[in-house]
Amino acid sequence: MNTKILMTTSAIFLAIIGALLSFLPNEIADYFNVESNLVTILFLQIMSALYLGFGILNWMAKGTLIGGIYNRPIAIGNLMHFGVGAIALVKVVSNIETHSEIIISLTAVYLIFALLFAYVFKTNPTK
């Protein structure tokens, strides 16, 4: 599998979410009907830093061999992020009442990335 495409798309996806959370935390909290206080905004901005950090990690690793024993921490970190995120989103998607289109879309993207990173983790890379 060509991991350059996977790493690039995941980097862009994570960077978009990180940028949105960084620059629009009040608007995102209001859109999801979350109380917009100082602590909520702080947590959204800290989450933004996590997304941006993971995005830049994937961007910088896009040209390296990933899979098998190569760059195992990057592969398992991405698998953990997208796998646990997918599980959490799947648990929520059946009970969500408002903004279900966003949650369902995020669930689909997270599931796809989780499966792709599981495949990368389990297989040896090809040049």
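The values are calculated or read from the model by the stated rules, or taken from the named source; none is laboratory data. None of the values given here were measured: they were computed from a predicted structure. Note that each Cβ is placed from the backbone with ideal geometry, even for glycine, and that neighbours are counted across all protein chains shown.
Evaluating L20 against the criteria (1) surrounded by 15 or more Cβ atoms within 10 Å (Cβ to Cβ); (2) within 24 Å of T123 (Cβ to Cβ) leaves one unmet condition, (2). Cβ-Cβ contacts under 7 Å between residues 6 or more apart (or on different chains), taken from a first residue in segment 1-24 that is closer than 10 Å to L52 by Cα to a second residue that is modelled with pLDDT under 95 and in a loop (DSSP other than H, G, I, E, B), are listed as A11/K62. In the condition set (1) assigned to a helix (DSSP H, G or I); (2) surrounded by 14 or more Cβ atoms within 10 Å (Cβ to Cβ), I96 is compliant with all but (1). Assuming K62 fulfils every condition listed in (1) among the charged types (D, E, K, R); (2) part of a helix (DSSP H, G or I); (3) touching a residue at least 12 places away in the same chain (Cβ under 8 Å) apart from one, which condition is it? The one condition K62 does not meet is (2). Against the definition (surrounded by fewer than 18 Cβ atoms within 10 Å (Cβ to Cβ), of a type in the set (S, T, Y) and within 17 Å of P125 (Cβ to Cβ)), how does Y31 come out, yes or no? In short, no.
Scanning segment 1-39 for residues that are part of a helix (DSSP H, G or I) and in contact with a strand residue (DSSP E or B) (Cβ under 9 Å, 6 or more places away or on another chain) yields a single hit, T3.
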